[in-house]
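All remarks here apply to the structure that follows.
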Amino acid sequence: MANAQEVKTLTLKDAISYALENKADAKKAKLKVENSEYQIQEVRAGALPKISANGSLTYNPILQTTFLDAGSFGGEPGTTIQATFGQKWISTAGLSLTQNLYDQSVFVGLKAAKTTREFYQINEQLTEEQVIERVANNYYAVYVQRQNLIVLDSTYNNTTKVKNIIKGQYDNGLAKKIDLDRILVKISNINTQRQQVLNAVQLQENALKFYMGMPIATLIEIPQAEFEVTPQAFAEAPNTETRTEYLLIKKQEQLLEFQKQSVMAGYYPTLSLTAGYNYIGQGPKMPWGAKPSDGVYWSDFSSVGLNLRVPIFSGFETRSKVRKADVELRSIKEDLVDTKLSLDLAFANAKTQIDNSMITITNQKSNAQLAQEVLSNTKNNYIQGLTSLTDLLDAENAFTEAQNNYTAAVLDYKLAEIQLIKSKGELKTLINN
């Protein structure tokens with residue numbers, strides 16, 4: 001017989017830590033940081049010399065000929081001679097070097113590449129925060145569904161006890177059949193609701209596992225102690241300019257500035273150095289391995305040069321690109337203003353939601369306690385024949401509703417708490433708690 005599958009107990013810290021190690025989003029963000037190092041190396045290559053080895057072997061079946069005045073070569077003036085140039089076989093081998101001495105776009109590219117690395121580092125941090133937020137939200141949502149299941153189980157047990165009392169009374173002729181039928185219908189409805197909540201629990205747990213990057217088949221358990229509600233101490237509004245979302249857009253702005261500078265580099269001249277050294281062999285036979293006695297001769301040659309390119313007129317292409325880059329810069333500045341406003345709004349809303357949730361939790365907790373007392377008294381009165389079954393069922397429904405309302409209020413509080421922690425830029429503190 002196969003062993004029962006082990007149940008994995010998950011604290012919020014465990015769930016977040018697991019997600020940061022296993023969720024694809026977090027892994028991909030780390031890979032982007034790694035890839036940025038190669039981008040820097042790629043741009044840096046533009047400032048380093050390029051050296052290459054070159055070789056060729058050419059066979060000329062028909063050599064080019066030209067016709068010359070014989071007088072130029074000591075012959076009879078006015079006559080023409082036919083001269084053949086080149087050799088049947090030519091082979092060259094050598095090295096060539098190219099070095100950028102001045103290229104504004106390369107210098108700007110180096111600065112932009114380093115900023116790109118910083119951009120991906122901030123993006124990795126933002127991705128981790130997004131993973132933490134999603135995991136925490138779903139973690140608490142699982143709790144609520146499980147609490148709803150606990151409430152239904154409690155209601156089922158209480159209703160079953162009432163059913164047994166009514167069954168005993170009915171058997172003794174002290175209760176009507178309609179009362180027994182009503183309580184049986186009530187139990188059947190609870191079973192149906194319980195099955196629906198069980199399905200909701202499974203769906204919510206699957207969502208949590210997905211956001212954690214955990215195999216869906218894993219069985220998990222969430223400790224009750226994770227959901228203690230403690231009032232939040234509010235400080236002054238946090239500096240939104242230190243938030244990851246804001247810093248990421250600032251880096252984008254910096255990258256767009258470099259992009260503009262790179263386009264403007266089209267106005268600047270470029271200067272490069274070229275050098276080469278080659279060895280050439282020529283003769284009527286294949287030069288490889290041949291000697292002068294075979295009519296094949298080898299010689300070397302080299303060159304060193306400077307290449308200067310000065311842009312004069314590009315049909316206003318560069319100017320258009322610069323203006324386009326400037327518009328993108330102005331647009332992202334608007335994004336910065338809007339993002340700051342959005343982050344301030346999130347903090348204010350989180351504070352308001354926390355305050356309202358605390359009031360609701362206090363009220364619902366008192367309401368649930370009162371509903372429990374009413375249910376207990378109504379149950380005793382029913383047993384003594386002082387109240388109707390309808391009153392008992394109504395009291396039971398009110399108690400179940402009060403418990404569910406309290407659980408929902410706790411969820412609202414925990415979700416608002418996450419948003420408050422997020423608005424303060426402290427989501428990672430959830431790992432340390």
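The values are calculated or read from the model by the stated rules, or taken from the named source; none is laboratory data. Keep in mind that this is a model prediction, so the values were computed, not measured. All Cβ positions, glycine included, derive from the backbone under ideal geometry; neighbour counts span all protein chains shown. Surface accessibility is based on the protein's heavy atoms, side chains included, excluding ligands, DNA and RNA. Shrake-Rupley method; radii C 1.70, N 1.55, O 1.52, S 1.80 Å.
For the chain, the relative contact order is 23 percent, taking Cα pairs closer than 8 Å that sit 6 or more residues apart in sequence and dividing their mean separation by the residue count.
Under unit Cβ charges (Lys, Arg +1; Asp, Glu -1), what dipole magnitude, rounded to 20 debye, does region 106-193 have relative to its Cα centre? Mind showing how you got there, number by number?
Values: 12 positive and 9 negative charges, 79 e Å.
Here region 106-193 has a charge dipole of around 380 debye.
On a per residue basis, the chain carries 59 Å² of accessible surface, using protein heavy atoms and a 1.4 Å probe.
For the peptides 144-153, 309-318, the ranking by packing is 144-153, 309-318, with the highest mean count of neighbouring Cβ atoms within 10 Å listed first. Surface composition of region 318-361: carbon plus sulfur atoms hold 54% of the accessible area, using a 1.4 angstrom probe and ignoring ligands, DNA and RNA. By accessible area, using a 1.4 Å probe on protein heavy atoms only, region 20-74 has 54% of its surface on carbon and sulfur.
Placing a pseudo-label 7 Å from each Cα along the Cα-to-Cβ vector at ASN239 and GLN369 gives an inter-label distance of 4.4 nm.
Taking 1 over the mean of 1/r across every pair of different Cα atoms in region 27-145, what Kirkwood radius in Å do you get?
Values: mean 1/r = 0.0464 Å⁻¹.
When all Cα pairs of region 27-145 are included, the Kirkwood radius is 21.5 Å.
Which percent of the Cα-Cα distances in the chain go past 26 Å?
75
In order along region 382-394, phi translates into HN-Hα couplings of 5, 4, 7, x, 9, 8, 8, 5, 4, 4, 5, 5, 4 Hz, rounded to whole numbers, per the Karplus curve 6.51 cos²θ - 1.76 cosθ + 1.60 with θ = phi - 60° and x for Gly and Pro. Using only Cα positions of region 239-294, each an equal point scatterer, no hydration layer, compute I(q)/I(0) via Debye at q = 0.17, 0.21, 0.28, 0.29 Å⁻¹ and quote the log10 values to two decimals. Computed log10 I(q)/I(0) values: -0.78, -0.88, -1.05, -1.08.
Remind me, what semi-axes does region 336-433 give for its equivalent ellipsoid, largest first in whole Å, using sqrt of 5 times each Cα gyration tensor eigenvalue?
Numbers: eigenvalues 373, 31, 14 Å².
Computed over region 336-433, the values are 43, 12, 8 Å.
How compact is region 234-357 by the rule of thumb for globular proteins, expressed as Cα Rg over 2.2 N^0.38 Å?
Working: Rg = 31.4 Å, N = 124, 2.2 N^0.38 = 13.7 Å.
Cα Rg divided by the expected 2.2 N^0.38 Å: 2.28.
Extension gain, VAL185 to ARG309, is 35.5 nm, computed as 0.36 nm per intervening residue step minus the present C-alpha separation. Reported value for region 176-298: 490 Å³ per residue, from the convex hull of its C-alpha atoms. Within a straight-line Cα-Cα reach of under 14 Å, LYS8 can be paired with the following aspartates and glutamates, leaving aside sequence neighbours fewer than 8 residues apart in one chain: GLU205, GLU221. Label zone (VAL322, point 7 Å along Cα-to-C-beta; backbone nitrogen cut-off 18 Å) within region 248-282: 256-270.
Which of rounded, prolate, oblate describes region 32-98, given a ≥ b ≥ c as roots of the alpha-carbon gyration tensor eigenvalues and a/c under 1.5 marking rounded, otherwise prolate only if a/b is larger than b/c? Here region 32-98 falls in the prolate category. Tell me which aspartates and glutamates have Cα within less than 15 Å of LYS111's Cα, excluding those fewer than 8 residues away on the same chain? Result set, ordered by chain and number: GLU37, GLU42, ASP103, GLU253, GLU257.
Relative contact order for region 1-98: what is it in percent, counting Cα pairs under 8 Å that are at least 6 residues apart? Relative contact order, region 1-98: 26 percent. Alpha-carbon geometry of region 1-70: the Rg and the Dmax are 32.6, 109 Å, given in that order. Going down the table (LYS365/LYS414; LYS260/LYS340; LYS13/LYS422; LYS27/LYS428; LYS30/LYS209; LYS186/LYS365), which pairs top 19 Å between alpha carbons? Beyond 19 Å between Cα atoms: LYS260/LYS340; LYS30/LYS209; LYS186/LYS365. With Cα atoms defining each centre, region 57-112 and region 246-262 are spaced 48 Å apart in the structure. Region 120-181 and region 305-332 have Cα centres spaced 65 Å apart.
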